[in-house]
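The values are calculated or read from the model by the stated rules, or taken from the named source; none is laboratory data. All values derive from a computational prediction rather than experimental measurement. Neighbour counts are summed over all protein chains in view; Cβ atoms, including those assigned to glycine, are modelled from backbone coordinates with ideal geometry.
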Amino acid sequence: MKVMHIGEYVRGGLATYIKEVIRYQQNLKEIDKIYLMLSETNSDKDFDLPAEQLMFYKYKRNIKNIFSAMRQIAHEINRIQPDIVHIHSTFAGLFVRLPLFLKRKKYKVVYCSHGWAFLMEISSAKRKVFSSIERILAMRTDKIINISLHEQNESLRLGFSQKKLQLINNGINTINRSGTIELDLNLNKINLLFVGRFDRQKGLDILIEFFKTYPSDNVSLYIIGSGILENSNLEIPEGVVNIGWIDNEKLDSYYQLFDAVIIPSRWEGFGLVAVEAMKNKKAIIVSDRGALPYLAKEDNGYVFSLNDLTTLKEILNSITKDDLKVKGKNGYYYYLNNFTSEIMNEQIINVYKKIL
């Protein structure tokens, strides 16, 4: 079979996901050729594919460019004639599936939103519009992959056909991404790590405000990441260490230095950082939003209320290094049994076979 993956802004966690999928599918006898098409703007370029199998369409996120993106993508689909078109993310889902209401579909469509837009922090009116659009586009979709139990439950609640839905948890590679690092931590303190974009979704601003008043005698916060969205600059106070952006290939080495990983997201379709923490035997401290509480249910971490940060204060006042080590080990086994890329990719291939 020929498989064509299509995305929009492919970077960060989404880029990591697609790279894992491509790496796995390249070694399967069932798949003859893999193609990838993504936006030329705001996308990674370093995918392990021959130049003729990696395509970029000219596009920037605004209304006037939507139809241009549709034409460019449709042209390449017609040229390649894939058996499976696997779509990643909301806008790419629109680009591929909307034209299919006007022409005969000659291939099978697999769609993954990688976080439903209607579950983000938006108005109820927008939520209704986005969920209605997704339900309509689902009519031209053979299988919809949900990346977490939370996303699966919410899509069922909103009326999506159960026959079209498939729960496949995100997974990450078991290979250790290590590198030489220089970071001097006070081992007498509990050292927490935040990893993520400095934007509203990831909730770093909430965490920064919390640590402006929380005494740092026993707990230190370190942050890894950078601002991606416009107007996402944050003022980092004293007592919080901004490590900056780190190459993905070195991230495991940083995770391993810390006692726990804290994730204060306002919404989260899955929570890749939580699984990366588990892989490195680190406890997780997560907000009560989206899929995050599901990831901390195996005695591998703590959940705090984003609307009541006294719950976070209580957690930080009570935790010990020994407790965190135990929860880190619990999380590691939870990861091995549920969230490896091998498990994820086997399930994706099973979806391909089923719909063909």
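The table that follows gives values for the structure above.
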quantity: Residues of region 20-43 classified as surrounded by fewer than 17 Cβ atoms within 10 Å (Cβ to Cβ), more than 18 Å from residue 81 (Cβ to Cβ) and touching a residue at least 24 places away in the same chain (Cβ under 8 Å), total; calculated: 4
quantity: Positions within region 139-157 being closer than 21 Å to residue 339 by Cβ and either in a helix (DSSP H, G or I) or β-branched (Val, Ile, Thr) (or both), in sequence order; calculated: 144, 145, 147, 149, 150, 151, 152, 153, 154, 155
quantity: Residue list for region 11-20, filter: in contact with a helix residue (DSSP H, G or I) (Cβ under 6 Å, 6 or more places away or on another chain) and modelled with pLDDT of 90 or more; calculated: 20
quantity: Region 59-89, subset charged (D, E, K, R) and at pLDDT 95 or above, residue farthest from residue 112 (Cα to Cα); calculated: 79
quantity: Options 77, 122, 87, 34; residue that is closer than 27 Å to residue 167 by Cα, β-branched (Val, Ile, Thr) and touching a Phe, Trp or Tyr at 6+ places or on another chain (Cβ under 7 Å); calculated: 87
quantity: Subset of region 92-137 (residues that are aliphatic (A, V, I, L, M) and either free of Cβ contacts under 8 Å to residues at least 12 places away in the same chain or over 25 Å from residue 289 (Cβ atoms) (or both)); calculated: 94, 96, 98, 100, 102, 109, 110, 122, 125, 129, 136, 137
quantity: Selection count, region 273-321, where residues are under 13 Å from residue 262 (Cβ atoms) and assigned to a strand (DSSP E or B); calculated: 9
quantity: Flag for residue 327 being in a helix (DSSP H, G or I), in contact (Cβ under 8 Å) with a residue 40 or more places away in the chain and in contact with a Gly (Cβ under 7 Å, 6 or more places away or on another chain); calculated: yes
quantity: Criterion: of a type in the set (Ser, Thr, Tyr), modelled with pLDDT under 85 and touching a strand residue (DSSP E or B) at 6+ places or on another chain (Cβ under 8 Å) - qualifying residue of 226, 220; calculated: 226
quantity: Within region 46-67, tally of residues that are without any contact (Cβ under 8 Å) to a residue 24 or more places away in the chain, surrounded by 11 or more Cβ atoms within 10 Å (Cβ to Cβ) and not in a strand (DSSP E or B); calculated: 5
quantity: Residues satisfying the stated conditions in region 270-317, i.e. closer than 29 Å to residue 145 by Cβ and polar (S, T, N, Q); calculated: 280, 287, 300
quantity: Among the residues listed as 79, 104, the single one being out of contact with any Asp or Glu (no Cβ under 7 Å at 6 or more places or on another chain), assigned to a loop (DSSP other than H, G, I, E, B) and either basic (Lys, Arg) or outside the structural domain of residue 13 (by TED's automatic domain parsing) (or both); calculated: 104
quantity: Residue identified as closer than 24 Å to residue 120 by Cβ and in contact with a Leu (Cβ under 6 Å, 6 or more places away or on another chain) among 198, 211; calculated: 198
